[in-house]
1. For region 36-110, which fully contained strands (runs of 3 or more DSSP E) count at least 3 residues that are farther than 16 Å from residue 3 by Cα?
2. If you take the residues of region 46-94 that are among the hydrophobic types (A, V, I, L, M, F, W, C) and over 19 Å from residue 117 (Cβ atoms), which of them is modelled with the lowest pLDDT?
3. Collect the residues in region 8-35 that are in contact (Cβ under 8 Å) with a residue 40 or more places away in the chain, in a loop (DSSP other than H, G, I, E, B) and surrounded by 11 or more Cβ atoms within 10 Å (Cβ to Cβ), keeping them in residue-number order.
4. Are any residues in region 100-116 hydrophobic (A, V, I, L, M, F, W, C) and buried (at least 19 other Cβ atoms within 10 Å of the Cβ), and if so, which ones?
5. Please enumerate the residues belonging to region 124-143 that are buried (at least 17 other Cβ atoms within 10 Å of the Cβ) and at pLDDT 70 or above.
6. Please specify each residue of region 111-120 satisfying the condition of being part of a strand (DSSP E or B) and either touching a residue at least 24 places away in the same chain (Cβ under 8 Å) or touching a Cys at 6+ places or on another chain (Cβ under 6 Å) (or both).
7. Of all residues being of a type in the set (Ser, Thr, Tyr) and open to solvent by less than 60 Å² (accessible area, probe 1.4 Å) in region 66-97, which is farthest from the chain's Cα centre (by Cα)? Just the residue, please.
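The values are calculated or read from the model by the stated rules, or taken from the named source; none is laboratory data. Here the structure is a predicted model, which is why all the values come from computation and not from measurement. We place every Cβ from the backbone using ideal geometry, glycine too, and count neighbours over all the protein chains shown. These area figures cover heavy atoms from the full protein model, side chains too; ligands, DNA and RNA do not enter into them. Shrake-Rupley method; radii C 1.70, N 1.55, O 1.52, S 1.80 Å.
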Amino acid sequence: RVLFRSNDYGNTLTPKMTDADRNWSSISVSSSGQYQTAVINNGKIYISNDYGDTWQSKENSRQWYSISMSANGRRIVAVADSSYIYISDDYGETWKPEFTIKEWRAVVILSNGAKIIAAAWGGQLYISSILANQQYLLRGTQGSSVELQYIGNNQYMIISQTGSVYTN
């Protein structure tokens, strides 16, 4: 499996990273498209700073599930199974493990890079303010879901939910 790049809104696709078959699990792109990052399940994190033309491998091989990038591409977060949440503040050049080891499955970072939301196996959703180092845990029963809307001033509002969802 390879990555594809398009310079014409998806009308044509150019294959990239064709030297090996890789099990890509997630990709994220900055708002300008200059910075791109992707993870491989049972592989490494890859970064590009030239609109996806060339790629460099970073960080150790893990069972990576998800990766997300701030709008300017500077802050990136990635999650792997039975591991930490990994954070880069330098466009993916260096990575540091943060927070508690969990069976992470998904992660997203706000466009300004100030907050991350991460989901763990079993339905737990974690919201963390990176700047203030505050964490809130949303819990729910299996099959529960919640949709959050950012309302400004580092605050979220639940706009819909199914099942039982509560905070600690």
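1. 56-69, 76-80, 83-88, 96-102, 104-109
2. Ranking the candidates gives 55 first.
3. Passing the criteria: 30, 31, 35.
4. Initial filter on region 100-116 (hydrophobic (A, V, I, L, M, F, W, C)): 101, 104, 106-110, 114, 116.
Matches in region 100-116: 104, 107, 109, 116.
5. 125, 126, 128
6. Within region 111-120, 115, 116, 117, 118 qualify.
7. It comes out as 83.
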